[in-house]
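Report on the following structure.
The values are calculated or read from the model by the stated rules, or taken from the named source; none is laboratory data. None of the values given here were measured: they were computed from a predicted structure. All Cβ positions, even for glycine, are placed from backbone atoms using ideal geometry, and neighbour counts span all protein chains on display. Areas reflect the complete protein model, heavy atoms only, side chains present, ligands, DNA and RNA absent. Shrake-Rupley method; radii C 1.70, N 1.55, O 1.52, S 1.80 Å.
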Amino acid sequence: MLKISDSFYQEETRLGFTITETMKKAWAVQLEMFDVIMDIAQKHNISIWADYGTLLGAVRHKGFVPWDDDIDLCMLRKDYMSFQNILKEELPLPYKISSFYVTEGYDQPKLLVTNRHHLDLGNNPQEESITNIQHGCRYITGIDIFPLDYVPSDVEQLNIISNLYISAYDLAFDFDYYKSTGELESNLIQLENLLSTKLERDNHLKSSLWKMSDAIAMMTYEYEAADIAHYSRCAVTGFNKTYPKQSFSKTIYLDFEMIQVPVPEGFDNVLSSLYGKEYMTPIFGTAWHDYPFYKAQDKRILFNNRLGQMGDIF
């Protein structure tokens, strides 16, 4: 088990950016989760690589990008599908796995491993004990794991696959919008006709749409592809944002804080696609989500504390 020195939690400044003690503790929790995930992956001979900001951090900073607040990983689709069930069986408590294949109501095209099931609001001894074990981090923090799928080399096939995927992805991602405007059914029927399939109109329809988008992403075989990609990213940025599949043919290990992380040997291809050729030049504060991740959770904690104070009054 990974041992992290208390000195790691100390607030510090990197590249002019202050990393608070609170964030350092969240980083420590994520690193411990990563260590557990890696042990399970290696046990089952599954290749897994640092991705997105974590890959950039390993290459450019030998650790977290100073303004990043999570860990991103990726794996080939065939491993991604099996790894979910493996994690469900072998991931120790209090860790939690979320995926629309194994978790009711989850609706993101990625696998999420979190450090706990519930936020520590300060009123539950069990949650407090988890917080104490996890370096005083009372937040829910996680590791994202993304699937890599093959991209057709044939232009006509790529046009068909990409349009089908984007259509399914769009319906799943904006499900509530299409439902509110009354456009969901007509768009869904059109997609079903193209795919010669039929989805049940039940409470699981949104999840079924996500699974449909995954099924489209899995339509291309390795021998039909020269490139590989995150289809969910391509749905937003376009299918020109792919990587040569040879980029992932070998794995190397790079320093990351006090550990080492696996990265694809062709990391330059990946990072150039993600961040441009000048990816080694830091651009301050370019996280792809609100920083810090626990901002909304702090609001919940504050609200709960105020409710408790009201209870004392009444």
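Expressed as an acute angle from 0 to 90° and rounded to the nearest 10, what is the orientation of the C-alpha long axis of helix 77-90 relative to the principal long axis of the chain?
Relative to the chain, helix 77-90 is tipped by roughly 40 degrees.
Per residue of the stretch 93-110, in order, report the coupling 6.51 cos²θ - 1.76 cosθ + 1.60 (Karplus, θ = phi - 60°) as ³J(HN,Hα) in whole Hz, putting x for Gly and Pro.
6, x, 5, 9, 10, 10, 6, 6, 8, 10, 10, 5, x, 7, 9, 10, x, 7
Based on the Cα gyration tensor of the chain, what are the three equivalent ellipsoid semi-axes, each the root of five times an eigenvalue, rounded to whole Å and given largest first? Working shown, then result.
Numbers: eigenvalues 228, 144, 66 Å².
Three semi-axes, in Å: 34, 27, 18.
Sticking to Cα atoms, compute the Rg of the stretch 159-202 to one decimal and its Dmax as the biggest Cα-Cα distance, whole number, in Å.
10.4, 31
If packing is taken as the average count of other Cβ atoms within 10 Å, what order do 13-25, 266-278 fall into, highest mean first?
On the way: 13-25: 14.7, 266-278: 16.7.
Per-residue mean Cβ counts within 10 Å order the peptides as 266-278, 13-25.
Of the listed peptides 63-74, 171-182, what is their order by residue-averaged count of other C-beta atoms within 10 Å, with the highest listed first?
Peptide ranking by packing, descending: 63-74, 171-182.
On average, how much area does the Cα convex hull of the stretch 1-112 cover when viewed from any direction, in nm²?
On the way: hull surface 31.5 nm².
Projected over every direction and averaged, the Cα hull of the stretch 1-112 covers 7.9 nm².
State the Kirkwood hydrodynamic radius of the stretch 62-185 in Å, one decimal place, computed from all pairs of distinct Cα atoms. Write down the numbers at each step before the final one.
Working: mean 1/r = 0.0571 Å⁻¹.
Evaluated on the stretch 62-185, it is 17.5 Å.
Measure nothing fancy, just the Cα-based angle from helix 295-313's long axis to the longest principal axis of the chain, in degrees from 0 to 90, nearest 10.
Compared with the principal axis, the helix lies near 50 degrees.
Leaving out same-chain residues fewer than 8 places away, which aspartates and glutamates sit with a Cα under 12 Å from that of K62?
Candidates past the 8-residue exclusion: D255, E257.
Evaluate Rg over Rh across the stretch 41-82, taking Cα atoms for both radii and Kirkwood's formula for Rh. If you can, show how the numbers build up before the last one.
Working: Rg = 11.9 Å, Rh = 11.2 Å.
With Rg and the Kirkwood Rh in hand, the quotient comes to 1.07.
Less than 13 Å Cβ to Cβ from L205, Lys/Arg counted +1 and Asp/Glu -1: what total charge do the surrounding residues give?
On the way: positive: K179, K198, R201, K206, K211; negative: D107, D176, E185, E192, E200, D202.
Taking every Cβ under 13 Å from that of L205, the sum is -1.
Give the Debye-formula value of log10 I(q)/I(0) at each listed q (0.16, 0.17, 0.20, 0.29 Å⁻¹), with one equal scatterer per alpha carbon of the stretch 8-74, two decimals each.
-0.57, -0.63, -0.83, -1.32
For the pairs K25/K211; K88/K198; K43/K78, note any where the Cα-Cα span goes beyond 24 Å. Provide the component values of the computation, followed by the final result.
Numbers: K25/K211 35 Å; K88/K198 29 Å; K43/K78 16 Å.
Flagged as over cut-off: K25/K211; K88/K198.
Just the number please: accessible area per residue for the chain, 1.4 Å probe, all protein chains included, in Å². The partial results should precede the final answer.
Details: 15970 Å² over 314 residues.
Per-residue accessible area for the chain comes out at 51 Å².
Three principal axis extents, largest first, for the C-alpha atoms of the stretch 126-201, in Å?
Cα extents, longest axis first: 54, 37, 19 Å.
Per the helix-only calculation at 222 nm, which mean residue ellipticity applies to the chain, given -39500 (n - 2.57) for every DSSP H run of n ≥ 4 and division by its residues, nearest 500 deg cm²/dmol? Spell out each step's value before the answer.
Details: 11 runs with 141 residues, N = 314.
It lands at -14000 deg cm²/dmol.
Just to confirm the number: angle between the C-alpha axis of helix 184-195 and the first principal axis of the chain, 0 to 90 degrees, nearest 10?
Approximately 60 degrees, to the nearest 10.
Please give the direction-averaged projected area of the C-alpha convex hull for the stretch 215-278, in square nanometres with one decimal.
Working: hull surface 22.2 nm².
Result: 5.6 nm².
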